[in-house]
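Report on the following structure.
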Amino acid sequence: MRALVLREQSFEIEAVALDALQAGEARVRLLAAALNRRDEWIRRGQYPRIQYPAILGSDGCGIVEAVGSEADREWIGKVVVINPSFGWGTNSRAQGRDYEILGMPRAGTLAEYLHVAVDRLYEKPVHLSSEEAAALPLAGLTAYRALFTQGQLQSRQKLLITGIGGGVATMALQFAVAVGAQVFVTSGRPEKIERAQALGAVGGVNYRHAEWERLLRELADGEFDLVVDGTGGEPFNALLNLTVPGGVLVVYGATLGAVPNLHLHRIFWRQLHVVGSTMGTDEEFAAMLRFVGEHRVVPVIDSVFPFDRVLEAFERLCSEDHMGKVVVRISEEY
Ligand SMILES: NC(=O)c1ccc[n+]([C@@H]2O[C@H](COP(=O)([O-])OP(=O)(O)OC[C@H]3O[C@@H](n4cnc5c(N)ncnc54)[C@H](OP(=O)(O)O)[C@@H]3O)[C@@H](O)[C@H]2O)c1
C-alpha cells in the first residue's frame, strides 16, 4: 500500500507492506483522512517520544474490507469512522498511563489501508460524506469533552472560544451553538469572525487588536461563564480576567506555548476553575457521534487535498488562512 511515512530525514509517500490481519482487527480501506496540529508537531520533532518510521494521521473514514475474526464479519462493507483513542482505561476523569493516540507510534490514517481493532470502529453518521466524517474524530472528541464534560456548558450560557480558525475551536463553536449557548470568539482574521457568526456565534474580536480584551468585554457585556482555550501563551492572563468569578476556563492546547508570568492571584481571588482537557473516553466518543447525528452537525472543512498532494495539506494547516479541518482524500468513494 501507499502511505505517508515520516523518517528522521524524509517525509514522503512510500510503498509499505501491510502486516497480516490479526484476530479482532479490521482492514479499513481509507477514503478520507484529516490533519491535526498533532501531526505537524510530530513532523517538526516537537512531540514526546517520537518513534521513526511513523505513519501519521489520527482521523479517518473508510470502508471495512476484511476482518481477522469470523465473529466480526458483520463489519465487512460498512463505512466507518475510527476512534483515535487507545487504552483510555477505567477512570473517566483522566486517561491511564498506556493511553495512545492513533498515528504514531501506531500506524495512522495517512495511508491507503489501516489495520485497527474492531472496537475502535463506529458507523459513519449517515448525514455526512466520508470527507466530513473524517474531519470529526479527534477534534470532535476534544471539543465534546472540553465543552460538556469539563466545561459543563449549559444552554444560554456565555461562552468564549479562542482562535476560532482552529479545528477543535470551530467544532466547539458548532456544538455549543447546537445547545443554544451564546458563543463569542477571537481570531486573527476578521473574515473568520464573520464566518463564525454565520455558523451561529454572537460575535468576536481580533486578538491582534491591542485592546482585544476590553473590546471583548464590551461586546459580551461582561465576562464569560465558560472560556475554552487551545492557545495558551501570553494572552492566557487576559482570559483569567475574562472568566466570570467562579467560572470555568478549559484548556485543551497551547499553540503559543507556556504562559509567561502567569497571574496566579487571579485564579484564586476570582475562584476560577482552570481545567485541562485531552481527547475523551470511548463513551464520550460515542456520545459525540450521537450528538452530531441528532443535531445534524456538519464539520467545517477548510480544504480537501488529494493524497498525492498531502504535503500541501500540511502547508495549509500551518498557514494562518485555514478555518476548520484540512482533509486528505485517500481513495475514491466506494
Ligand atoms: N488536548 C487535546 O486532546 C488536543 C486535541 C486537538 C488539538 N490540541 C491542541 O490544540 C491546539 C489547537 O489545535 P487545532 O488543531 O484545533 O487548531 P489549529 O488548526 O492548529 O489552529 C490553531 C489556531 O490557533 C489560533 N491562534 C493563533 N494565535 C492565537 C492567539 N494569539 N490567540 C488566539 N488564538 C490564536 C489560530 O486561530 P485563528 O486562525 O482564528 O487566528 C489558529 O487557527 C494545538 O495546540 C493542538 O496541539 C489538543
Problem - Hits in segment 244-255 (condition: on the phi < 0 side of the Ramachandran plot and surrounded by fewer than 17 Cβ atoms within 10 Å (Cβ to Cβ)) - result: Pro245, Ala254, Thr255
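The rows are residues; the columns are (1) in contact with a strand residue (DSSP E or B) (Cβ under 8 Å, 6 or more places away or on another chain); (2) assigned by TED's automatic domain parsing to the domain that holds Arg38; (3) surrounded by 24 or more Cβ atoms within 10 Å (Cβ to Cβ).
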| residue | (1), (2), (3) |
| --- | --- |
| Gly103 | yes, yes, yes |
| His115 | yes, yes, no |
| Arg120 | yes, yes, no |
| Glu123 | yes, yes, no |
| Glu131 | yes, yes, no |
| Ala146 | yes, no, yes |
| Thr149 | no, no, no |
Exercise for the section: Mind listing whichever residues of segment 140-170 are within 9 Å of the ligand (Cβ to nearest atom), touching a Ser or Thr at 6+ places or on another chain (Cβ under 8 Å) and not β-branched (Val, Ile, Thr)? Expected result: Leu141, Arg145, Ala146, Gly163, Gly165, Gly166, Ala169
Problem - segment 292-302, residues that are farther than 18 Å from Ile193 by Cα and crowded, with 18+ Cβ neighbours inside 10 Å - result: Val292, Val297
Problem - Residue that is farthest from the ligand (Cβ to nearest atom) [pool: residues in segment 217-243 that are closer than 18 Å to Leu153 by Cβ and surrounded by fewer than 18 Cβ atoms within 10 Å (Cβ to Cβ)] - result: Gly222
Handout entry: The listed residue being in a helix (DSSP H, G or I), over 14 Å from Cys61 (Cβ atoms) and within 16 Å of the ligand (Cβ to nearest atom), out of Met288, Met323
Key = Met288
Problem - Filtered residues of segment 231-242 (kept if within 26 Å of Leu138 (Cα to Cα) and not in a loop (DSSP other than H, G, I, E, B)) - result: Phe236, Leu239
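The values are calculated or read from the model by the stated rules, or taken from the named source; none is laboratory data. Owing to the predicted nature of the structure, the values given are computational and were not obtained by experimental measurement. Using ideal geometry, Cβ is built from the backbone for each residue, glycine included, and neighbour counts are taken over all protein chains shown.
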